[in-house]
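For reference, the structure is listed below as structure tokens.
The values are calculated or read from the model by the stated rules, or taken from the named source; none is laboratory data. Values in this document were obtained by computation on a predicted structure and should not be read as measured data. Cβ coordinates were reconstructed from backbone atoms using ideal geometry, including for glycine residues, and neighbour counts include every protein chain displayed.
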Amino acid sequence: MTEGSQDRPGDFDALLTYVRDARGFDFTGYKKPSLARRIEKRLQARKVADYDEYRALLEKDPDEFVELFNTILINVTSFFRDEFAWDYLREVVVPRLLAARNDEQLRIWSTGCATGEEAFSLAIVLAEALGAEDFGRRVKIYATDVDEDALRFGRHAMYSPKQIEPVPEELRKKYFAREDHSYAFRGDLRRTVIFGRHDLIQDPPISRIDLLVSRNTLMYFTPEVQSRVLANFHFALREDGYLLLGKSEALTAKTDLFKPVDLKRRVFAKVPKRAERTVLPPDERATLLTPSVEAVVRDVGLDVVSVAFIAIDREGKLALANIHARTQFGLSQRDLGRPIQDLEISFRPVELRSRIEQAYTERHPVSLRDVAWRAAEETRYLDVQVSPLNSGTGECVGAGITFTDVTRYRRLQIALQAARGDAETAGEVLQATVEELETTNEELQTMNDDLQQRGMELNTTNAFLEAILASLPAAIVVDRTLRVQAWNAAARELWGLTTDEAVGQDFMSLDIGLPVEKLHAPLRGVLANGHGNRDIVRLDATNRRGRAVTTRVELAALHRGGSTDGVILLMETEDAE
């Protein structure tokens, strides 16, 4: 920290809270001395006297956020940085992994990847060990960071001559191609490196990882946050997975989750922990089988609601959008799971994020009337209601938002006002307008009553869904194209994929321990035979812990409106863990 920066007046914590609320970057878990040191540079550059004044500057000049983030998120990286660690990785860790995995897929995670040099260094090491063909077939490298600009750079995989200087000449010729004044990483191998935004503090970890590389990232977190991040790393790694840290950091948080393999090179192995599982008695499990799943799917019929409706989960991500909302606001299934702040609907037709927080704080609906919205070359008017969604235990699990189109009512109001201004010549028009307005008022009252009832039903449905889905065995729902529509917590526990990773994907292309290709014919059979058709298949599989299990898969047709819309798959392992 520069001289005198500790004496800066103003509220430092309030500044961090503002940055989090305004842009979604939560730096409250970072070590305050190093964080204050970096923010101090921006205060000096902008000649600002205190933290409160700098917050006012951010409100007035949003472009300053970019400079602030670039200063805080210092992307210090290079190819094969700390060569002695890469030698150990190449000579010891990778051979051990290859010997343990035989022909299985390898999943690597590079956190805080910045502009991608570390991720592509990993790609080179593994391609050298496996050969290009096997590398492209077997390896997936997940490169994550919170800096979107750095991620965009990494996705292009274009580096300057100075940036690739640390790459040995023979590897440079083998894995890079000269393009103008830059070097591009080999295109046929580049697709194995998947870049994505991931916040280690807030986002769930990627699962079934063989090697997790997190170098000089933990050092910026407080011990409490480090403990949470390390617990996520432990969950992410397979039982015999490895963790590689940077040379400037160690496992500073007290933990029994990892043991040193080579302390000098900061290589650690996961300490396996046997998870305790609660198994329902057979008679209780039978009560929760297919009829309950069908009830769940039947109850999620929000497309029949006559107004646009969306649901936001407690993490601020879009959890649901009915057909009216998708049509009216240009949403799609791909937007489900995205942060609301990244979607246009968060600020148009009205700013939603502050209203959602207000509903959470006050624990009752927040209503907005006559919101003007310019759409399709005309101005329409909406009544917007933001309601907290509570589970059966009273816990707030998200927010439901309805958009009621009251354009007709608004136009009638305008017409009524104009008619009153010229009453002598528009008596008959006025009378007709009043009558129509009264009718409209009755319709709106009926609609409002219906919306309130729908809101109550929705709250009950959400609580019911949570309870049912939490109690079911592994349950997966696919549509007629065999794309995953639902994936519950038990499915995640069994196969290792999260809901975000599975929903929307082609079921037949999922990379899980279940031989999904053997389910193609049964799935098509259930879809073809229609109402009442079921099938039961037993398959040898490998669960997310790498254990061989026999899996009983029950397939049932999913019906809605008299047609077969998809298939429900219920999965239970018949072998003891």
| task | Check segment 360-380 and report whether any residue there is part of a helix (DSSP H, G or I) and within 29 Å of Thr499 (Cα to Cα). | result | yes
| request: Within segment 514-550, work out how many residues are surrounded by 17 or more Cβ atoms within 10 Å (Cβ to Cβ), among the β-branched types (Val, Ile, Thr) and either modelled with pLDDT under 85 or under 18 Å from Val478 (Cα atoms) (or both). | output: 2
| query | Restricting attention to segment 193-230, and to residues there that are surrounded by fewer than 20 Cβ atoms within 10 Å (Cβ to Cβ) and among the hydroxyl-bearing types (Ser, Thr, Tyr), which single residue is nearest to Trp109 (Cα to Cα)? | reply | Ser207
| query | What's the number of the condition Leu130 fails, among (1) of a type outside the set (Phe, Trp, Tyr); (2) surrounded by 16 or more Cβ atoms within 10 Å (Cβ to Cβ); (3) farther than 30 Å from Leu514 by Cα? | reply | (3)
| note | Of the residues in segment 387-403, those that are modelled with pLDDT of 75 or more and at positive phi number 1
| request: Output yes when any residue across segment 523-535 is in a strand (DSSP E or B) and either of a type outside the set (D, E, K, R) or farther than 27 Å from Leu237 by Cα (or both), and no when none is. | output: yes
| request: Please work out which residue is nearest to Phe135 (Cα to Cα), limiting yourself to segment 41-58 and to residues that are in contact (Cβ under 8 Å) with a residue 40 or more places away in the chain and surrounded by fewer than 14 Cβ atoms within 10 Å (Cβ to Cβ). | output: Gln44
| message | Just to be sure I understand, how many residues within segment 65-114 are over 27 Å from the mean Cα position of the chain (by Cα), part of a helix (DSSP H, G or I) and among the acidic types (Asp, Glu)? | response | 3
